[in-house]
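Below is one structure, written out as structure tokens; the observations come after it.
The values are calculated or read from the model by the stated rules, or taken from the named source; none is laboratory data. Here the structure is a predicted model, which means the values were calculated and not measured. Counting neighbours? That spans all protein chains shown, and the Cβs are built from the backbone with ideal geometry, glycine included. Only protein heavy atoms, including side chains, enter the accessible area calculation; ligands, DNA and RNA are left aside. Shrake-Rupley method; radii C 1.70, N 1.55, O 1.52, S 1.80 Å.
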Amino acid sequence: MTTLRPAQITQVIPDSIGAEIGFEPGDAIVSINGTKPRDLIDYQFLCADEILELEVLDANGQTHHLEIEKDYDDDLGLEFETALFDGLIQCNNRCPFCFIDQQPPGKRDTLYLKDDDYRLSFLYGSYLTLTNLTEREWQRIETLRLSPLYVSVHATEPEIRAQLLKNPRAGLILDQLRWFQERRLQIHAQVVVCPGINDGEHLERTLLDLAQFHVGEIPTVASIAVVPVGLTRFRPNLDELAPVSTEKAQEVIAQVRSLQAKFRAHYGSTVAWLADEWFLIARQELPPAEHYEDYPQIGNGVGSIRQFMSEFAAMAAEMLPDRLDSPCHYTWVVGNAVEHAFEPLVERLNQVDNLTVTLAPLRSDYWGQEITVTGLLTGQDLLTHLQGRDLGDGVLLPSLMLKQGDAVFLDDRRLEDVAQGLGVPLIRVTGIAGLLQQCCVGQS
Ligand code: SF4
């Protein structure tokens, strides 16, 4: 871990307490009531007091002391450069399926940082392995009741988990789950299935072991996501892992469905859910919306397509007109993983008179994937597959294909360069509302 730095402010929300006091981006909070916050968790905890004595460093390096009186639940309205003022807790595993190692070489250093930090898990739902926690961090999880955390379990048999994470400490997972249970703290679990390593009887064992923690008023294991391993052509040892084939996906779906039926009968909940990708790879229908209960693993691609389809149907009924005033033709780019699932959505769009939407489901040659999710398509993939095609008045481009807050694809190609290469505008659309609004543009 690096040394503790003052919490650097990047944004001050207008009309907030922070704005009223005169905070500016570039200022940094050194301490609150005499304590230096380690991270956003400390910051939020310390800011719950009604009287705050702040030590602040301005952009010129000058120290200021302020006193603020507020209600305990008032937020100061400040945003920070990072959630971790003392640096990232890095990963000490060497999983062969790690996506960080499956990126092309030569990119900026930050893209190769492997985090395994319980704070990010608590704040943002990222998965961690629990293999690198010191006694001090375990105590902090207990004292601050940082729950739920999101834990990559992969396998409960110690030797299988240690083999997958390439870390002997990985074998302690069941003891660690008991630790959470004794303290009435919760986790959401994920199991990334690697054919030939943790599938078959090992997957059965893992799901049965985890489900045993789904008991009581506050079940220790609140939910489990079963996810297929994702591989790219940049992975270091090409032979170490096998991709999930259609047959393997069908086998895992059948195996998990049978366990789900037992769990529903015994625990009153499905407990373990299959990520959408299994159904796309197996070329099978996605389960209905009610299967996902309250979508506990939506951030992990479990039920997100079904939810998208349900929301699309409701919003299309509200937003789409019967006709556009003049003809409009768009090409909607998506990963080929959702080709089949999105066909009814395109049919619905094309019911609008004068509107023509053509779905362009693409695979990524850049990552070397036969089946690709939309968020992984790159600028090069668009150029390879769309050049020379009639793309109409423009390409509807889901904004999740671009790096956050930037007009750059994952392969560092710029949006405007790709648009120029294709000879049509690339129209960024965010979410369903953005897509439908763009489709209504031709209406007066
Ligand atoms: S724990 Fe996560 S970050 Fe670390 S090697 Fe495994 S997959 Fe990569």
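Not counting the cut sites, what is the longest span of the chain without GluC sites (Glu not before Pro) that DSSP labels loop and that have at most 16 other Cβ atoms within 10 Å? Display every interim value, and only then the final one.
Details: sites that count: Glu50, Glu81, Glu217, Glu240, Glu285, Glu293, Glu370.
With GluC sites (Glu not before Pro) excluded where exposed in loops, the chain gives 82-216 as its longest stretch.
Between the beta carbons of Arg283 and Trp179, assuming R0 = 56 Å, the FRET efficiency works out to 0.85 to the nearest 0.05.
Hey, what D do you get for the range 1-150 in µm²/s if you plug the Kirkwood alpha-carbon radius into Stokes-Einstein at 10 °C and 1.306 mPa s? Stokes-Einstein gives a translational diffusion coefficient of 93 µm²/s. When the alpha carbon gyration tensor of the range 319-444 is reduced to an equivalent ellipsoid, its three semi-axes come out at 24, 15, 13 angstrom, largest first. The modelled label-to-label distance between Tyr112 and Arg323, using points 7 Å beyond Cα along the C-beta direction, is 6.0 nm. Projecting the Cα atoms of Val424, Ala313, Leu172 onto the charge dipole of the chain, computed from C-beta unit charges around the Cα centre, puts Leu172 farthest toward the positive end. Using +1 at the Cβ of each Lys and Arg and -1 at the Cβ of each Asp and Glu in the chain, identify which of Leu435, Tyr292, Leu46 lies farthest towards the dipole's positive end. Result: Tyr292. Please report, as a whole percent, how much of the solvent-accessible surface of the range 38-183 comes from carbon and sulfur atoms (probe radius 1.4 Å). Whole-percent figure for carbon plus sulfur exposure: 49.
Size descriptors for the range 7-80 (Cα atoms only): Rg and Dmax, in that order, 11.0, 31 Å. The alpha-carbon atoms of the range 130-201 define a convex hull whose volume equals 83 cubic angstrom per residue.
In Å, the Kirkwood hydrodynamic radius of the range 100-302 over pairs of distinct alpha carbons? 17.7 Å is the Kirkwood radius here.
Could you run the Debye sum over the Cα atoms of the chain, one equal point scatterer each and no solvent, and tell me log10 of I(q)/I(0) at q = 0.07, 0.09, 0.12 Å⁻¹, two decimals? The calculated log intensity ratios at q = 0.07, 0.09, 0.12 Å⁻¹ are -0.43, -0.72, -1.20. Label positions at Glu240 and Val441, each projected 7 Å from the Cα along the C-beta direction, are separated by 4.5 nm.
Considering only protein heavy atoms, what per residue accessible area in square angstrom results for the range 78-185 with a 1.4 angstrom probe?
On the way: 4930 Å² over 108 residues.
Averaged over the residues of the range 78-185, the accessible area is 46 Å².
Here the translational diffusion coefficient of the range 378-444 follows from Stokes-Einstein with Rh set to the Kirkwood radius across Cα pairs; for 25 °C and 0.890 mPa s it amounts to 197 µm²/s. Taking all Cα pairs closer than 8 Å and separated by 6 or more residues, the relative contact order of the range 126-201 comes to 37 percent.
Rounded to the nearest 5, what % of the DSSP beta bridges within the chain are antiparallel ones? If you can, show how the numbers build up before the last one.
Details: 22 of 55 bridges.
Of those bridges, close to 40 percent are antiparallel.
Between Ile100 and Lys262, the distance separating the two model label sites (each 7 Å from Cα on the Cα→Cβ line) works out to 3.6 nm.
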